[in-house]
Structure formats: C-alpha cells, structure tokens
1. What whole number of Å gives the distance from the Cα centroid of the range 357-403 to the Cα centroid of the range 506-520?
2. For the chain, with every protein chain kept in place, what is the accessible area per residue (1.4 Å probe, Å²)?
3. How high is the relative contact order of the chain, in percent, with contacts defined as C-alpha pairs under 8 Å that are six or more residues apart?
4. Can you compute 3J(HN,Hα) from phi for each residue in the range 283-299, using the Karplus curve 6.51 cos²θ - 1.76 cosθ + 1.60 with θ = phi - 60°, rounded to whole Hz and x for Gly and Pro?
5. Sort out for me the Cα centre separation of the range 257-292 from the range 68-99, rounded to whole Å.
6. What does the charge count around Ala273 come to, taking other residues whose C-beta lies under 9 Å from its C-beta (Lys +1, Arg +1, Asp -1, Glu -1)?
7. Between (1) 1.06; (2) 0.97; (3) 1.01, which entry matches Rg/Rh (Cα atoms, Kirkwood Rh) as derived from the coordinates of this structure?
8. Where in the chain are the helices, taken as whole DSSP H runs, whose Cα atoms extend 20 angstrom or more along the long axis and whose Kyte-Doolittle mean reaches at least -1.0?
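The values are calculated or read from the model by the stated rules, or taken from the named source; none is laboratory data. Quick caveat, the model's predicted, so the values are computed rather than measured. Glycine gets a Cβ as well: all are built from the backbone with ideal geometry, and neighbour counts include every protein chain shown. Ligands, DNA and RNA are stripped out before the accessible areas are found, and what is left, the full protein with its side chains, is counted by its heavy atoms. Shrake-Rupley method; radii C 1.70, N 1.55, O 1.52, S 1.80 Å.
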Amino acid sequence: MRHFVALLATVLMASSVTTILTITAPAPAHAWENGLARTPPMGWNQWNAFGCNVTDALVRATADRFVSAGLRDAGYTYVNIDDCWMTRNRDAAGNLVADPVKFPSGMKAVADYVHSKGLKLGIYSSAGTLTCAGFPASLNHEQQDANLWASWGIDYLKYDNCNNQGVDAVTRYTRMRDAIIATGRPMVYSITEWGSTVPRVWTWGEPVGNLWRTTGDITDSFSSMLSIYRANVVLAQFAGPGHWNDPDMLEIGNGRMTDTEYRSHFTLWSMMAAPLIIGTDLRNASAATLNILGNRDVIAVDQDTRGVQAREVRSAGGQHVLSRPLSNGDFAVALFNDTTSAQTITTIPSEAGLPASSSYRLFDLWSKATTTTTGTISASVPAHGTVVFRVTPGTQGGSTFVSDMTWQASTNGWGPAERDRSNGEQAAGDGRTLTIAGTTYGKGIGAHAAGTVDVNLGGRCSTFIADVGVDAEVGTNGSVTFSVLGDGVTLTTTGVLRGGQAAQRLSVNVTGRTVLRLAVGNGGDNINFDHADWGNAQVTCT
C-alpha cells in the first residue's frame, strides 16, 4: 500500500549495462494449478485514483464503463475493490462487515451486478491483524474470511502485507491459499508482499499464488515507473502461465505522466507479461487514455498464451532492447528510451534471439505501420518513449552456432555457461579453448553440471548438432550426461560420459520446436569436475 517504498527497486536496480541473466538453478517448485490466470489478469482497482473512497456506485459505474468503452471485449475482466471497504470492527460472529454507508446493498449484490455484466469481482485484505489503512484483516481468520468471500461470489483476492506481526510470509500466504482451496470457489490469488522479505516472494510464490508483487507501490511518475521496471524485468525466469511477476497497477490516465510515458508504461508491462490492472477513474477517462488501455495489439503481447516474460537483452546509456518470443513463432521486440532526448535504438536478430531468416516483417504496434528488413531493427524513439514491433521471420536458411544466438535463459552449476570457451567455474570469460579428448573447438558452449541453456528457434529450424563430452582440462575426472529438449520434451540424451572419453556426436531433429534446451546433468554422483562441452553446437534452419 501507499505507506511503503519500493525497497526492492534499490536492491535490484539494474546496472548501466545489462547482459542476459545467468543464475544458479533454483530448487524446483510446482505451480498451484487452480486453472486460473493462465494469462496475466486484466482489470481495474480503485486504489491509485480513489484511495479509500470506494463505493457501491463507483464499482457499478466502473463495470458499466468496462462494457461501454469496449474494455471488457479487449480482455479486461476483474473489477477489484481495494482497502477500506469494510467497517472498523468485525460483527458478533467474527465476520468482516461491508461498510453499510459505502455498500448499502451488501457485497453480494455488488458481485451479482458485476457478474451480470460478464465481469468478475475482486476483494482486498491483508495477511496481518489490520489492513494498511487500519481496518480488520485476515491473519488468524483465514478460513472464516475466505468462506465469507466465497459466499458473496468473490473471484479475486488481493492479499496485502501490512501489520503482519512478524509471522513468516510463506506461512501466512500459504494459510490463505489453503483457505481459498477449502471454499471450493475459484479465486485468483494475488500475493501483495512487495518482495520485501527473504526469501524473496518470486522464489516461493509459484506453488502458493497466481501472482506476486515484486516491488513496493508505484506512483504516477516516470521515475517511479522506471525504477519498478528495472526491478521487475530481471525476474523473467519466475513468470509463466498461472504464476506472474506483478510490478503493480497501471497509472495510465492519472495525469502526471505524458501520453508518451503512459504508452511506455503500458508497453513495458505488456512485454513483461504483467497483470494489466487499470488504476484510473474510467468514468471520466480521456480518449487518449482509452486508446492506450485498449490497444489490442499490445494487449495481445501481454496475453500471449506462451506466457514468456520478455528479457532485456541490452541496456546501456538509457537505451533498452527487450525481446519476447510469442506462441505463433513471432517475437515482440521493444526499443525503450529512458533518456530526456530522442534516441535511435538499433538491434539485430541474433541479439534479440530471433531465428536466422532472409527477411523479417516488422509491425509497429502503436503506429500500425508495416515494414520489412533483412536484419536491422531500428527506430527513432522519443524521450521516455517506446517503439514495439511484432516481428515475423520470413524464409530462413543456413546454420547458426548456438553460442552466437541470444540465450533466453541459462543456469549453471559453477560460474556462468561460457560462449566459445570452457567453463572456468568463476567469472565470465575465465575458461580455455574447448577441448574434448584432444579435439579442439573454436565454437561451442562450456557448461558445468547441472546446467541448462535455452534458445528460441521459433519453430523454423530442422536440426541441432554438437560434439559433446567432458572438457580435457579436468583430465580423467568428471562424469556428465547431455540432454536435448524441445518445448520441454526430451529429444535425446546420452549415457554418462567421463573425462578422457572421445566426444559423442549428437544430431537431433528439432523440426517445429520453439524452445531448444541444452541440459547437462552430473552423471549420478556429484558435480565435482563436471565441465561439460557442447563443441560446435549449431542449428540448421531451412
């Protein structure tokens, strides 16, 4: 809520130059599969524009506006009530009570009205003794409150973090998850923990909720939007269907940013597969505001069913390049300028992770212009502005080394996975020439078990080949397995290969596959000396 600053934005502030995210593999987690939020939730919440001033009339009018402005048909579904909807005390039975002045017909009547419009209703509480505004909250009342909301027909819970009494966050938020399950009513569950405690919510949120706030509250300023973007964009690996990073609600239409800045706000949130929760007074929204919120081409990126959050493939001097693979094999490529003067921002297909092609169709999602390029993707981007293209590769041909492609994700047992070098176990670039049993390779990947490298093929490539084995730098030590996966399906796997053995040639059919994963395992013992080489790893696209 408004009482808290974006602490995490300081902790995770992006450096002046950003490279592809490389991490040590996290412990596996399993999503809470309640069947909801398979794409990021879209809706409205009163807080940014109205604060505590929420009423039955406002909620109904907003639902009406969803319909009349075409927002429902564009995908906006949830009309969400934030803090201050309840009275200051529970009733004699211990139940929360909707404020009879603000909601004279009761909350079930509001839910029935919203449902009659083909929409869904959300409610708010906190995993503490009081909400952020000082109203009764749900710590130690989880089942009672969840049962009440289910009886009203609630479809979405925003669950805040105020007045939490120092109780462990995982414990508090899991209790409410279990309470929601016990009601038998489907509810999208929004964990509003702000990413402020250790362990960070994105490392445990997937099996608990459908989305989780990654920062403190946004305000209606470019600097606030930018700091939250920087904190959230680095968390791409944690997002996916049913479990989303939430960089907070939209400020579009509240008047303290320009329309150019609001378009950037909407574009960046959509590239990051963020929930699109409107935070303005829709009853009086301008045509410009509705045009931004209703841009269906940008919404289609946010709602893409593949559910891959964009990765920032380059950030330097206030220029940002983001790339997001889409379910039909297209890519969304955004060029964002956070400086105070116009900038020409340019990228190329290999940097953006696009498959090799003789040409690319570029569709500008704001201007609606269509152009064709043989490679360079470039635009003059206004101050604080963003240009975003939907890129469709054309006819492809030839082979591309995987080490020359953009890696959409990489994990590694020790140090980063290396391009065209062996794994040195510490800093990037500290390896040697890739060598397997006396054969050297000028191109390839030097990994260390257990690790993975993901690249996007866009469904347009046919064959992956590589010579695999344990790097000679560890002598006869090390034991490794190599696996090639396409879209999560294992296409081939080796037996255990040991130090000193000759390389094994892999030739794998990847026709129609979108995501290629190269995985190395530890051979069944431990990861000591497990330096794994993918010599001359390449894909052929026809």
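1. With the range 506-520 and the range 357-403 each reduced to a Cα centre, they are spaced 24 Å.
2. Accessible area per residue, the chain: 35 Å².
3. Relative contact order for the chain comes out at 12 percent.
4. Each residue's phi maps through the Karplus curve to give 4, 10, 5, 6, 4, 4, 4, 5, 5, 5, 5, x, 5, 6, 5, 6, 4 Hz.
5. When both Cα centres are located, 22 Å separates them.
6. -1
7. Evaluating Rg/Rh (Cα atoms, Kirkwood Rh) on these atoms matches (3).
8. 169-183
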